[in-house]
Amino acid sequence: MNGYTFAEKALARAAGLSAARAGDILDVQPDLIFSHDNSAAIRRIFEQTGAPAVVRPERIAITLDHAVPAPTTQHAQNHAEIRRWVQEQHIRHFFEVGRGICHQVISEEALVLPGETILGADSHSTHYGWLGAFGMGIGRTEMAALWAVGELWLRVPESMKITLNGKLQRGVTIKDASLRILGDLGVAGGQYRAVEFAGDTLSTLALDERPVLPNMMAEFGAMSAYLPPDQAVFDYLEPRRTRAYTPLYPDHDAIYAEEYTLDVSNLEPQIALPHQPDNVVPLSEVIGQPVQQAFLGTCTNGRFEDLQAAAEVLRGHRVRCRLVVIPASSQVFLQAVQSGVLAALVEAGAAVGTPGCGPCMGNHMGIPSPDEATVSSANRNFRGRMGTPDAPVYLASPYVVAASAICGHLADPREFLPGHNPL
Amino acid sequence: MTVHRVWVYGDNVNTDVIFPGKYTYTLKTPEEIAAHALEDLDPAFASGVRPGDVIVAGRNWGSGSSREQAVTTLKYAGVPVIIAASFGGLYFRNCINQGIWPVVCPDLSQWVQTGETIEINRQAEQILAAGRVFAIPSLSPSVQAILEGGGLLPMLQRRFGKVDT
Ligand code: SF4
């Protein structure tokens, strides 16, 4: 008999079973569930269920991050409703305005651990694969049901294996590799599936880079995505965790619906053109396209190393277009302040905002005018995503965002990196 | 055995054209939500749909965002079944949880046209259309139970002894 994939093992564990296979329908009890500014809407569905109170409030996390600080009275009322609810239901893992984006904060707080299952009312809940957890996005009614009864039915997805080999060149990042995967296989390439990453590239990635891969897999149609956790992940979690865990790894003879391999050693910077994340070309094909705004932030690329990468490019330069920088969390913000990275960004002309989602989904703090193009370090560029349907949005790495900010048009960051030899 | 009129659509229809994102926070009543069903895909749908009509689509119906209104807009319009070659993963879940029956049928959209009728036989797990028989894959008993109970919310309401909303 064949071995098991990560998804099969993790969901069997979450359902209290000794084994499960792709296609099985299980009732799983997640280790953590979370929601954000949508928690007030979920509360209203919860009230309709007739459930007396949330079960297992210690396993619920709520962040205020999508529109913070509140840009309108309506947003403020929404936040106030959530604060009241959190108090009423004794939800301890509540993170106020300014703490940061749900996925980053929950990772920093080590609220989910390797081998565990986390369900979030957010499509980028695939993110937690960087910790070796099974993360999946769910709808509002499903979250209300989880609050009410603590379990939810899931179909164990088939798995797809993506192997990354080689070491990325300087100025090229795992974001470029993620965009290349989307460009090669399309936005439905991972439909219904759990993606498992493998290959020697993974261990060369810094911790701040790793979430990019599973985060971007939400754009791939994947239910979940996973990176095998290594010592670097365990060391990160050690001072933060509050419970024991057992990491899970796929068996070598597990069954995959599809396999795909990418050698990243000669990869060039990539970019997604408007209005789809799989509309990907090598950056070199579109160098010189004008941009009026550059946005560095989001759960995809708003961590410390992303800010540091941008600072590396920007030192000694002034931006020629607006550069909006939103750190993914207060910890990222603090580290950027203490290390001098933030000073370098501000000296170059950046406008810095409160940790949170910023303009990623068009709520506020950087909505483009219809005739303005934005180059963004985010994960999706669907029409209207940033609040303005006609405004073109390009997706790229923090390096590319920074270089383009200097030039006022799409630019190759490698020309701005110390020690670069012109090709 | 039930008889249904069909509305036929192609591949990769995403949730934005099933129910435009711009309405997600403003429209609240079932009538309002139903009035905008498929607005950006087929302007004739919302005014022409009759209770009991079903959707027949190609691959990847309902890809994109996880918005539940992309399912409820059709439910409120009276559509009891959506048949597609494949579904977006979150959309399939939302169908079950909102009490709309999602049927995976790889070929049906090739054989029927909008306005024609098909017969659905739940017991025999078959669809009769264009003089042919198409098999309906069975759902697991627990999923079937949610569907037959009208979806996740009514199921919880019964569990917690709440009669009505
Ligand atoms: S940063 Fe963007 S993609 Fe990430 S959670 Fe916020 S809105 Fe979603």
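Here A:R303 qualifies as on the phi < 0 side of the Ramachandran plot, within 16 Å of the ligand (Cβ to nearest atom), of a type in the set (D, E, K, R) and not assigned by TED's automatic domain parsing to the domain that holds A:H127. Which residue, of B:S86, B:S138, is surrounded by 20 or more Cβ atoms within 10 Å (Cβ to Cβ), hydroxyl-bearing (S, T, Y), within 13 Å of chain A (Cβ to nearest Cβ) and out of contact with any helix residue (DSSP H, G or I) (no Cβ under 7 Å at 6 or more places or on another chain)? Of B:S86, B:S138, the one residue that is surrounded by 20 or more Cβ atoms within 10 Å (Cβ to Cβ), hydroxyl-bearing (S, T, Y), within 13 Å of chain A (Cβ to nearest Cβ) and out of contact with any helix residue (DSSP H, G or I) (no Cβ under 7 Å at 6 or more places or on another chain) is B:S86. Considering the conditions (1) closer than 30 Å to A:E219 by Cβ; (2) in contact with a strand residue (DSSP E or B) (Cβ under 8 Å, 6 or more places away or on another chain), B:N97 is excluded by exactly one of them, (2). For the stretch A:103-151, taking the residues that are away from chain B (no Cβ under 14 Å) and charged (D, E, K, R), the one that is nearest to A:G356 (Cα to Cα) is identified as A:E108. When you check A:L345 against the structure, is it more than 16 Å from the ligand (Cβ to nearest atom), closer than 21 Å to A:H409 by Cα and either basic (K, R) or surrounded by 24 or more Cβ atoms within 10 Å (Cβ to Cβ) (or both), yes or no? Considered against the rule, which asks whether it is more than 16 Å from the ligand (Cβ to nearest atom), closer than 21 Å to A:H409 by Cα and either basic (K, R) or surrounded by 24 or more Cβ atoms within 10 Å (Cβ to Cβ) (or both), A:L345 comes out as yes.
Among the residues making up the stretch A:19-52, those that are farther than 23 Å from A:R241 by Cβ, more than 11 Å from chain B (Cβ to nearest Cβ) and more than 16 Å from the ligand (Cβ to nearest atom) are A:A19, A:A20, A:R21, A:A22, A:A40, A:R43. Residues that are of a type in the set (S, T, Y) number at least 1 in the following strands (runs of 3 or more DSSP E) confined to the stretch A:206-296: A:224-226, A:258-263.
Can you say whether A:Q74 is under 21 Å from A:G150 (Cα atoms), away from the ligand (no atom under 16 Å from the Cβ) and in the same structural domain as A:L113 (by TED's automatic domain parsing), as far as the supplied structure shows? Here the answer is no, as A:Q74 does not meet what is asked.
If the requirement is being among the acidic types (D, E), away from the ligand (no atom under 16 Å from the Cβ) and surrounded by fewer than 24 Cβ atoms within 10 Å (Cβ to Cβ), which of these qualifies: A:E108, A:E142, A:E81? After ruling out the rest, the residue left standing is A:E81.
When B:S65, B:S109 are screened for being touching a strand residue (DSSP E or B) at 6+ places or on another chain (Cβ under 9 Å), part of a helix (DSSP H, G or I) and of a type in the set (S, T, N, Q), only B:S109 passes. Any residue in the stretch A:180-200 that is within 16 Å of the ligand (Cβ to nearest atom), buried (at least 24 other Cβ atoms within 10 Å of the Cβ) and assigned to a helix (DSSP H, G or I)? Looking for residues that are within 16 Å of the ligand (Cβ to nearest atom), buried (at least 24 other Cβ atoms within 10 Å of the Cβ) and assigned to a helix (DSSP H, G or I), one finds at least one in the stretch A:180-200, hence yes.
Go through the residues of the stretch A:371-380 one by one and say whether even a single one is within 14 Å of chain B (Cβ to nearest Cβ), within 15 Å of the ligand (Cβ to nearest atom) and either on the phi < 0 side of the Ramachandran plot or acidic (D, E) (or both). Within the stretch A:371-380, one or more residues are within 14 Å of chain B (Cβ to nearest Cβ), within 15 Å of the ligand (Cβ to nearest atom) and either on the phi < 0 side of the Ramachandran plot or acidic (D, E) (or both).
The values are calculated or read from the model by the stated rules, or taken from the named source; none is laboratory data. Keep in mind it's a predicted model, so treat the numbers as computed, not measured. Note that each Cβ is placed from the backbone with ideal geometry, even for glycine, and that neighbours are counted across all protein chains shown.
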